[in-house]
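The values are calculated or read from the model by the stated rules, or taken from the named source; none is laboratory data. Treat the numbers as computed from the prediction; the structure is a model and nothing was measured. FYI the Cβ positions are ideal-geometry reconstructions off the backbone, even for glycines, and counts take in every protein chain you see.
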Ligand SMILES: *Cc1c(COP(=O)(O)O)cnc(C)c1O
């Protein structure tokens, strides 16, 4: 849906930021709304999406996967084949082009696993912009490959030593930087979270996923799918897929990370178990304790390891437009193996959660149901972690 003027989807969203950022957010919203309907901006964006990112990504019918789980017809939207290996670049290209039009000369971003950081560093190299990436100390240690990738692309990494030294803290620091340097600096947020207009804007840039899917499935099947399935971290690949189908009868299923199990309190299932609260400038479901302290999330998939979720998902949950389920670390590893062995594709650990869901719930679907699942990224980044977890030497 379109958020209201103040940036709310129902009761969720808004702009909970220091006074100094209110102006910056209005400036951003104005610039974005103007460009949103600008033909030249879209043809420039589409040029890079087509010739640089490699879009449209294929919609691939995974026959052996369907047969293996004795399930419905499954199509995979192959965001793993986009440049840099995931859907994140759809958003970073859009936002960085916007930053250039706004006359900003410095780009900052937060990153957890480093996927958004890599996508941002990539686009900054492409457009010759200064790029500073905030990353928690703990994540820097865990994600060496992506740290090297960002450095090779010319980005500077700013280590964050506060709190749990992970994504939540990196985001706090990035917001702080933006408050101080708002004149020349553009903050590229990595998912449909944060204060308005980010959730709307990031979603819009990611709807390329759903728009392509709609066209492709009509060509392949002559009708819309019955279900759309995607993993939910902040919620951008899922909303990008879902949003163009919002006004249809297509059912949406979002899969969160259940970590060590929902009852373990070590998970990232903010929609399923969270309470309404405020984090990083917007109101949404969050993992928090009785006193409203935000809890640390856990998932084997670094891209899902976030205690919050985009406000539009909270709205979808509340209005029941989408349903949500969660899959554990262990199950996600099974999902990873399943796709590797049946289709010869190593998926990222994030969409491996959605893959396992299809296996676990294969029985709820009819054989002729058509499901499109967003394969949000490739698994190269996770090969080491998965090998270790599965005891492969
Ligand atoms: C970052 C990431 C996610 C989670 O982010 P969303 O905003 O929920 O899409 C999922 N899959 C991959 C491959 C990622 O890199």
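Just to be sure, is residue 180 assigned to a helix (DSSP H, G or I), more than 10 Å from the ligand (Cβ to nearest atom) and touching a residue at least 12 places away in the same chain (Cβ under 8 Å)?
The answer is no for residue 180.
State yes or no: is residue 162 out of contact with any strand residue (DSSP E or B) (no Cβ under 7 Å at 6 or more places or on another chain), without any contact (Cβ under 8 Å) to a residue 40 or more places away in the chain and either more than 30 Å from residue 37 (Cβ to Cβ) or within 14 Å of the ligand (Cβ to nearest atom) (or both)?
yes
For the structure I just gave you, tell me whether residue 317 is out of contact with any helix residue (DSSP H, G or I) (no Cβ under 6 Å at 6 or more places or on another chain), assigned to a helix (DSSP H, G or I) and either away from the ligand (no atom under 13 Å from the Cβ) or closer than 25 Å to residue 119 by Cα (or both).
No, not satisfied.
Can residue 240 be described as under 27 Å from residue 374 (Cβ atoms) and part of a loop (DSSP other than H, G, I, E, B)?
Criteria not met by residue 240.
Which residue is nearest to residue 171 (Cα to Cα), if the candidates are limited to the range 216-230 and must be more than 8 Å from the ligand (Cβ to nearest atom) and in contact with a helix residue (DSSP H, G or I) (Cβ under 9 Å, 6 or more places away or on another chain)?
The residue in question is 229.
Among residues belonging to the range 126-141 that are in contact with a strand residue (DSSP E or B) (Cβ under 8 Å, 6 or more places away or on another chain) and in a helix (DSSP H, G or I), point out the one that is surrounded by the most Cβ atoms within 10 Å (Cβ to Cβ). Spell out the reasoning first.
If we filter the range 126-141 for residues that are in contact with a strand residue (DSSP E or B) (Cβ under 8 Å, 6 or more places away or on another chain), which is where we start, we get 129-137, 139-140.
Retained after the next criterion (residues that are in a helix (DSSP H, G or I)): 137, 139-140.
Working: 137: 16, 139: 25, 140: 18.
So, considering only residues that are in contact with a strand residue (DSSP E or B) (Cβ under 8 Å, 6 or more places away or on another chain) and in a helix (DSSP H, G or I), the one surrounded by the most Cβ atoms within 10 Å (Cβ to Cβ) is 139.
Tally up the residues in the range 208-230 that are in a loop (DSSP other than H, G, I, E, B) and crowded, with 19+ Cβ neighbours inside 10 Å, please. Outline the logic, then answer.
Pass one, the range 208-230, residues in a loop (DSSP other than H, G, I, E, B): 222-226.
If we keep only those that are crowded, with 19+ Cβ neighbours inside 10 Å too, we end up with 225.
Selection size over the range 208-230: 1.
Does residue 6 satisfy being surrounded by fewer than 16 Cβ atoms within 10 Å (Cβ to Cβ) and closer than 30 Å to residue 341 by Cα?
For residue 6, the condition - surrounded by fewer than 16 Cβ atoms within 10 Å (Cβ to Cβ) and closer than 30 Å to residue 341 by Cα - is not met.
Of all residues in the range 334-393 being in contact (Cβ under 8 Å) with a residue 12 or more places away in the chain, outside any helix (DSSP H, G or I) and more than 16 Å from the ligand (Cβ to nearest atom), which is surrounded by the fewest Cβ atoms within 10 Å (Cβ to Cβ)?
Per the stated criteria, the residue is 368.
Could you look through the range 231-247, keep only residues that are within 14 Å of the chain's Cα centre (by Cα) and either away from the ligand (no atom under 13 Å from the Cβ) or under 14 Å from residue 269 (Cα atoms) (or both), and pick out the one that is surrounded by the fewest Cβ atoms within 10 Å (Cβ to Cβ)?
234
Would it be correct to say that residue 272 is touching a residue at least 24 places away in the same chain (Cβ under 8 Å), more than 14 Å from the ligand (Cβ to nearest atom) and part of a helix (DSSP H, G or I)?
So residue 272 fits the description; yes.
Yes/no matrix, rows are residues, columns are (1) within 20 Å of the chain's Cα centre (by Cα); (2) more than 15 Å from residue 188 (Cα to Cα); (3) modelled with pLDDT of 95 or more:
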| site | (1), (2), (3) |
| --- | --- |
| 100 | no, no, yes |
| 110 | yes, no, yes |
| 130 | no, no, yes |
| 133 | yes, no, yes |
| 139 | yes, yes, no |
| 149 | yes, yes, yes |
| 159 | no, yes, yes |
| 163 | no, yes, no |
| 166 | yes, yes, no |
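Could you please tell me which pairs satisfy a Cβ distance under 7 Å, a separation of 6+ or placement on different chains, a first residue in the range 298-311 that is under 21 Å from residue 11 (Cα atoms) and part of a helix (DSSP H, G or I), and a second residue that is modelled with pLDDT of 95 or more and more than 9 Å from the ligand (Cβ to nearest atom)?
So the pair list comes out as 311/9; 311/12; 311/13; 311/199; 311/282; 311/283; 311/284.
Can you name the residue in the range 143-152 that is in contact (Cβ under 8 Å) with a residue 60 or more places away in the chain and touching a strand residue (DSSP E or B) at 6+ places or on another chain (Cβ under 9 Å) and, of all such residues, is farthest from residue 49 (Cα to Cα)?
Across the range 143-152, the extreme among qualifying residues is 143.
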